[in-house]
Amino acid sequence: MSWHQKEITLKPRGRGFHLVTDEIIEQITELKNIKTGLMHIHIKHTSASLTINENYDPDVRSDMNKYFDKSVKENEPWYDHNAEGPDDMPAHIKSTIIGTSLTIPITNGRLNLGTWQGIYLCEHRNNAGSRKIVATISGEEKS
Amino acid sequence: MSWHQKEITLKPRGRGFHLVTDEIIEQITELKNIKTGLMHIHIKHTSASLTINENYDPDVRSDMNKYFDKSVKENEPWYDHNAEGPDDMPAHIKSTIIGTSLTIPITNGRLNLGTWQGIYLCEHRNNAGSRKIVATISGEEKS
Amino acid sequence: MSWHQKEITLKPRGRGFHLVTDEIIEQITELKNIKTGLMHIHIKHTSASLTINENYDPDVRSDMNKYFDKSVKENEPWYDHNAEGPDDMPAHIKSTIIGTSLTIPITNGRLNLGTWQGIYLCEHRNNAGSRKIVATISGEEKS
């Protein structure tokens, strides 16, 4: 039984849904040594989120972004929290709808995702910097 | 301290929200031996999801389905990802709103859910096959 | 490696989004002894939920509440589940959108949240009582 934890960084990206599976896996080399376990990733921000979805067609990511922009609109007259611009409050709402963390099974040193699943960074701000993630790995080591 | 992991299958169901607590528990016999721990279940698909909600009145499940169908519409003119039919892109969006995994406490060999809580399979496709789930159990064994 | 589990109670609150980080941490004293690990909290109800969001400006919480009230309306003519009043079915839907549990990294005896992150109790009923939460802590103890 072992525990590993590290803080990793995802490079800055524009507003939208971005496939980041490889960028995460490359930074978590401890994954390879786990036979059976879980990887938990938590994004330390309130205006970006994490989800798992289709890893192949970029249209899924852009349609997803369009949906959330239409569903959580900017400039609603009833928003009171506007200090950081029109993308501020919508970013907080989207973050709560989608969620700030993921737990993913590890099997034989690899994430046990479906064939078509990948990890998305959902960036809800127009001009965000890099994003910090705490990754926590627990499980049984390979013998 | 022990880890157990297995892949289980949920039988095919039509579009809608389905109570699957018993179908899951029956397949995870390791649960009975855990005194204190967690069960993580992850669905390996991008057009179905998992949630916890009311386990008694079937109207909750059908109202939930109506809400999501109205909130994430088919045939939006701005969808670019339509390859697999009108239920394709809405299924991906619903999956990201609801989520692909659940973590549930285990206490004395049983899931520690509230009296009125059950596990739902949220099936977002009209004609899906069976659905694969990876279940990961960790915790302290009963002595 | 250690496991701790306890049921805690959050005091009754009115409908809305409430910052409860301190109320939770105060009740989970085991947290201080964990060097590297995870805290899982699960709310045992189907009409309240948990999320992580901005911990500073109360306007974020009231705007969030307004968004969810507008997005999941009361008295929809197509709701069949109305037994407990107009806030009944909307509460179930909001609970599934937001989610009933959170997993948060623990580092050196503290929750490893971002500077601006806090835990919200999302209370979806007008007149709810106290809310029960199962907290499960796992990780490596400090030496």
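Quick check: is even one residue across region B:81-89 surrounded by fewer than 17 Cβ atoms within 10 Å (Cβ to Cβ), under 30 Å from A:LYS66 (Cα atoms) and away from every other protein chain (no Cβ under 12 Å)?
There is at least one residue in region B:81-89 that is surrounded by fewer than 17 Cβ atoms within 10 Å (Cβ to Cβ), under 30 Å from A:LYS66 (Cα atoms) and away from every other protein chain (no Cβ under 12 Å).
Please indicate, with yes or no, whether at least one residue in region A:67-80 is buried (at least 22 other Cβ atoms within 10 Å of the Cβ), of a type in the set (A, V, I, L, M) and in contact (Cβ under 8 Å) with a residue 12 or more places away in the chain. No, every residue in region A:67-80 fails to be buried (at least 22 other Cβ atoms within 10 Å of the Cβ), of a type in the set (A, V, I, L, M) and in contact (Cβ under 8 Å) with a residue 12 or more places away in the chain. Each residue in region A:103-143 was checked for being more than 7 Å from every other protein chain (Cβ to nearest Cβ), among the hydrophobic types (A, V, I, L, M, F, W, C) and in a strand (DSSP E or B), and 8 pass.
Taking the condition without any contact (Cβ under 8 Å) to a residue 60 or more places away in the chain, under 18 Å from the mean Cα position of the chain (by Cα) and either more than 13 Å from chain B (Cβ to nearest Cβ) or open to solvent by 40 Å² or more (accessible area, probe 1.4 Å) (or both), does C:LYS6 pass? So C:LYS6 fails the test. Applying the selection to region B:94-143, what residues are acidic (Asp, Glu) and over 27 Å from A:VAL72 (Cβ atoms)? Once the filter is applied, which keeps residues that are acidic (Asp, Glu) and over 27 Å from A:VAL72 (Cβ atoms), region B:94-143 yields B:GLU140, B:GLU141. It is to be established whether one or more residues within region A:26-48 are touching a strand residue (DSSP E or B) at 6+ places or on another chain (Cβ under 8 Å), open to solvent by less than 40 Å² (accessible area, probe 1.4 Å) and assigned to a helix (DSSP H, G or I). Within region A:26-48, one or more residues are touching a strand residue (DSSP E or B) at 6+ places or on another chain (Cβ under 8 Å), open to solvent by less than 40 Å² (accessible area, probe 1.4 Å) and assigned to a helix (DSSP H, G or I). Screening A:ILE93 with (1) surrounded by fewer than 15 Cβ atoms within 10 Å (Cβ to Cβ); (2) over 18 Å from A:GLY139 (Cβ atoms) gives one miss only, at (1). When C:SER95 is tested against (1) within 14 Å of A:ILE97 (Cβ to Cβ); (2) modelled with pLDDT under 95, just one condition goes unmet, and that condition is (2). Residues in region C:54-92 that are out of contact with any Gly (no Cβ under 8 Å at 6 or more places or on another chain), within 21 Å of A:GLY99 (Cβ to Cβ) and assigned to a helix (DSSP H, G or I): C:VAL60, C:ASP63, C:MET64, C:LYS66, C:TYR67, C:PHE68, C:ASP69, C:LYS70, C:SER71, C:PRO90, C:ALA91, C:HIS92.
Would you confirm, using the coordinates I've provided, whether A:ASP88 is free of Cβ contacts under 8 Å to residues at least 12 places away in the same chain and either touching a His at 6+ places or on another chain (Cβ under 9 Å) or not basic (Lys, Arg) (or both)? I'd like the intermediate steps shown before the answer.
Working: free of Cβ contacts under 8 Å to residues at least 12 places away in the same chain: no; either touching a His at 6+ places or on another chain (Cβ under 9 Å) or not basic (Lys, Arg) (or both): yes.
Here the answer is no, as A:ASP88 does not meet what is asked.
Of all residues in region A:104-121, which are open to solvent by less than 20 Å² (accessible area, probe 1.4 Å) and either of a type in the set (Ser, Thr, Tyr) or in contact with a His (Cβ under 8 Å, 6 or more places away or on another chain) (or both)? Give the derivation first.
Our first condition is that a residue be open to solvent by less than 20 Å² (accessible area, probe 1.4 Å); within region A:104-121, this holds for A:104-106, A:109, A:114, A:117-121.
Once the filter is applied, which keeps residues that are open to solvent by less than 20 Å² (accessible area, probe 1.4 Å) and either of a type in the set (Ser, Thr, Tyr) or in contact with a His (Cβ under 8 Å, 6 or more places away or on another chain) (or both), region A:104-121 yields A:ILE104, A:PRO105, A:GLY114, A:GLN117, A:TYR120, A:LEU121.
The values are calculated or read from the model by the stated rules, or taken from the named source; none is laboratory data. Keep in mind that this is a model prediction, so the values were computed, not measured. For neighbour counting, all protein chains shown are included, and Cβ atoms are generated from backbone atoms with ideal geometry for every residue, glycine included. Side chains included, ligands, DNA and RNA excluded: accessible areas come from the protein's heavy atoms. Shrake-Rupley method; radii C 1.70, N 1.55, O 1.52, S 1.80 Å.
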